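Encoded as structure tokens, the structure appears first; notes follow it.
We did not get these values from a lab; they are worked out from the coordinates using the rules stated. These numbers were taken from a predicted model, which means no experiment stands behind them. Cβ placement follows ideal geometry from the backbone for every residue including glycine, while neighbour counts extend to all protein chains displayed.
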Amino acid sequence: MLVAVSLLVLLVVELRRRERGGPLIVVTGLLALGALLCAVLRPVRIAARESVVGAKVVVLADTSRSMALPESEKTPRGATRDRAITELGARSKDARLAILGFGEGAPAPFAPGKDGPAPSQAPRSDLTSALRAIAASAEERPQAVVVVSDGRLDDPPEGASKEAIQAIVRDLKVPVHTIATTKEAPADASVRRVSAAGAAVAHVPLPLTVEVGCAGGISCDELTVTARELREDGPPALLASGLTHLKDGKGTVDLAVTLERAGARIIEVAITPPSGDTIPENDRRLLTFNVARERVRVLHVAGRPTNDVRALREWLKSDASVDVVAFFILRTQADDPNARQEDLSLIPFPVDELFTEHLPSFDAVVLQDFDAQPYGLERHLPQLARYVRAGGGLIMVGGQNSFVAGGYAGTPLADVLPITMDGSPGATAADVANVVPAWTDEGRSAPLLAPLREVASEELPLMPGANVLGDVRPGGLVLWAHPSRTTRSGAPMPILAIGDQGDGRSIALGIDGAWQLEFSQLGARTSGRGYGALWDGLLGWLMRDPRFESGQLELASPCVANEPARLRVRLPKANQNGESTAWIELRRLDKQDAPPVKVTLPRSVHDDGTAVEVAMPPLAAGGYTARLRLGAGPTTRRDFACESGGDEWADSRPDVERLRAIADATGGAFRDASGDLALPLPKPAVVSAERHVVPVAPPWIWTLAAACALGVHWFARRRSGLS
């Protein structure tokens, strides 16, 4: 460098001393100076190549059922979601996009549909759980998150504060960008929410609060709301109705419903939709209430105070879970007490009041050795039969005034008993010979008699006679039979039979000597526990206690209309006999003319008795009853509802402001799917760099060039008169 400066100074001095040729001296001098510098410095070319990796960005696609709601021209929101994700991928070539679907629980890999929107079946849209699962994952942390949704999220909830949103991503420490698939609310009126105050208890009013709403420009100042129970025995029963006045598109109404039967019950809460409603599927909600019993209410009506009547009454009173109302006929209508009515302590039998006003409040009715005709019960037998088919329980216990002898043959009540009765003139009503009932194969395997078998094995005491009963009806099952007497068909005569009757159940016990299980030699050996064990099973089966069912049936997952659902089936070990005739029958409750659907059980249900999930075909929206059938006997029943979209369709309004709030609180950006989707994503990171140094020319070339340039400069100096 010092040499170059010296040469430059000399060049300036020479220019002052020259006589002529100044430009030539300058040009040649500068060339000589440059050539000399190149010879000394030896210039090189440097080639650099860098390797970069795009920033990881997690795209969370909303897969909840709300994304299946239709938009304009019937295009679902899911199609807009998939299109936005595809466009985002095209715009983000420098980023590594990991596309996950979020709904309920941790997110899962998601692929946008090419021929249509990807399935949207998640029952919830829980963004909070998805973000926390990403933060807790052992995989590489993302540098940004993009949420594509309609904003109708379950969590974070509507109106969440900025601090609450920031707490969700505290562990991630990354911005959350949001893309809204939907801006405008569809024209829709819906039942948005139904909440119950407390648990559902039979015979006790249950308060319901119903929230309804209107959006999308529909005019609805008031709406009528109804609550109905879907029943198998007839059309839906109206439980309550009310009128709600809407303000700012929202209104509530309080209804009180009373469910008389325990178990799974389907309630339909619906509105009368206004004109212009574009989503009729959410005009009603189908809710399953598991109705419990505070106590089992039993009406016990006996014709006379016999040993059997006394034993049953004492057992009913001793059970704290049973609320018994008992009536005994101690004075017939023909008796003359020789006293005024007001002086008598015995009241007349309130037959009209019991079997009209109070009958629905009872869970079971026990008619024991009771003659229907003298006491006015005969005119109430149609009502009693309807009570059974609507879900009530009936037990008829034998005696001198029961079954045929009590005038029940040929009556409507006879049609709901599990056995037939011969009421023709001259027909035998009773066989007075002592009898020891014989166990049938079905009785040995019946769960309802398992408590008795545990106490007394299969030993039964001698009993004083039996009522003459006919063949068992279709759907009935004989558990005890007469050891010698047969029916007209030649089958052993039933003594104990059970059967389904519509939504209810009935039992026929054709003896009045069951008390011998408590007061006999067998009763002495078993401490009298056999009688209570028998009635515990009979009443428990009548009330559909799972312990005494022939099988167990429940939904493995909520049923959504037109989507696959599964039932969980279990058979008790007592029934593991290779039964090949077991199947499930599905019937529609709100469209009773629809044909039943038969679902075959896998062989594994019969082999080991473990719970097995059985796939059901896609079902339309409505209420259903599933019956587990084992051969020709009684069934195990489970009622359930299938909704279109469920909670996710109840409120069809998008929530753009919630998405905007999430982006603002986390330092992200908000975009509309119909606009520009360019997002400020992180830049790629440089992971490695390569540097190559190549000489521009060999050193001797620069030396030769410098010598030549200096020679030319020397020649130019000589021409200009410099020495």
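A full extension of the chain between Arg91 and Asn434 corresponds to an added length of 114.3 nm, given 0.36 nm per residue minus the alpha carbon distance.
Which residue, Gly537, Thr86, Ala661, has the largest displacement toward the positive end of the dipole of the chain when charges sit on each Cβ (Lys, Arg +1; Asp, Glu -1)? After comparing all options, I get Thr86. Note on segment 296-542: antiparallel DSSP beta bridges, both residues inside, total approximately 45 percent of the bridges counted.
Rounded to 0.05, the FRET efficiency of the Asp593 and Leu238 pair, given R0 = 30 Å and the Cβ-Cβ distance, is 0.90.
Which listed residue (His300, Pro447, Gly406) has the Cα farthest towards the positive end of the charge dipole for segment 296-542, taking +1 on Lys and Arg C-beta and -1 on Asp and Glu C-beta about the Cα centre? Value computed over the given set: Pro447.
Which FRET efficiency, nearest 0.05, do Ala199 and Ser424 yield, Cβ-Cβ r, R0 60 Å? Show your work: numbers first, answer last.
Values: r = 50 Å, r/R0 = 0.84.
The computed FRET efficiency comes out at 0.75.
Considering only alpha-carbon pairs that sit under 8 angstrom and 6 or more positions apart, the relative contact order computed for the chain is 18 percent. In the chain, helical runs assigned H by DSSP with n ≥ 4 each contribute -39500 (n - 2.57); averaged across all residues and rounded to the nearest 500, the mean residue ellipticity at 222 nm is -6500 deg cm²/dmol. Within segment 381-410, list the residues whose amide N lies under 18 Å from a label point set 7 Å along Cα→Cβ of Gln373. It comes to 381-382, 399-410, nothing else. The C-alpha atoms of the chain define a longest principal axis, and helix 2-17 lies at about 40 degrees to it.
At a Förster distance of 22 Å, what's the computed FRET efficiency of Glu657 paired with Lys247, Cβ-Cβ distance as r, to 0.05?
On the way: r = 20 Å, r/R0 = 0.91.
Here the calculated transfer efficiency is 0.65.
Fully extending the segment from Asp672 to Ala707, taken as 0.36 nm per residue of separation minus the present Cα-Cα distance, adds 5.6 nm.
Gyration tensor analysis over the Cα atoms of the chain returns equivalent ellipsoid semi-axes of 92, 29, 19 Å (largest first, whole Å).
So how much slack lies between Trp583 and Glu140, counting 0.36 nm per residue of separation and subtracting their Cα-Cα distance, in nm?
Details: separation 443, 0.36 × 443 = 159.48 nm, distance 4.95 nm.
Contour length minus Cα-Cα distance gives 154.5 nm.
Partner lysines whose Cα lies under 29 Å from the Cα of Lys173, excluding those fewer than 8 positions away in the same chain, are identified as Lys56, Lys93, Lys162, Lys183, Lys683.
Looking at the chain, what % of its DSSP beta bridges pair antiparallel, to the nearest 5? Write down the numbers at each step before the final one.
Details: 99 of 147 bridges.
Looking only at bridges with both residues in the chain, the antiparallel portion is about 65 percent.
With only the Cα atoms considered, segment 458-512 has a convex hull volume of 92 Å³ per residue. A cysteine counts as unpartnered when no other cysteine's C-beta lies under 4.7 Å of its own; in the chain this applies to Cys38, Cys708. About its Cα centre, the dipole of the chain is roughly 5380 debye, where the only charges are +1 on Lys and Arg Cβ and -1 on Asp and Glu Cβ. Overall form of segment 455-564: oblate. Here a/c, set by the Cα gyration tensor axes a ≥ b ≥ c, is 1.5 or more, and a/b is not larger than b/c. Using a ≥ b ≥ c from the Cα gyration tensor of segment 189-293 (square roots of the eigenvalues), is it rounded, prolate or oblate, where a/c under 1.5 gives rounded and otherwise the larger of a/b and b/c decides, a/b for prolate? It is prolate, given that a/c is not under 1.5 and a/b is the larger ratio. Helix 656-666 and the longest principal axis of the Cα set of the chain meet at an angle near 60°.
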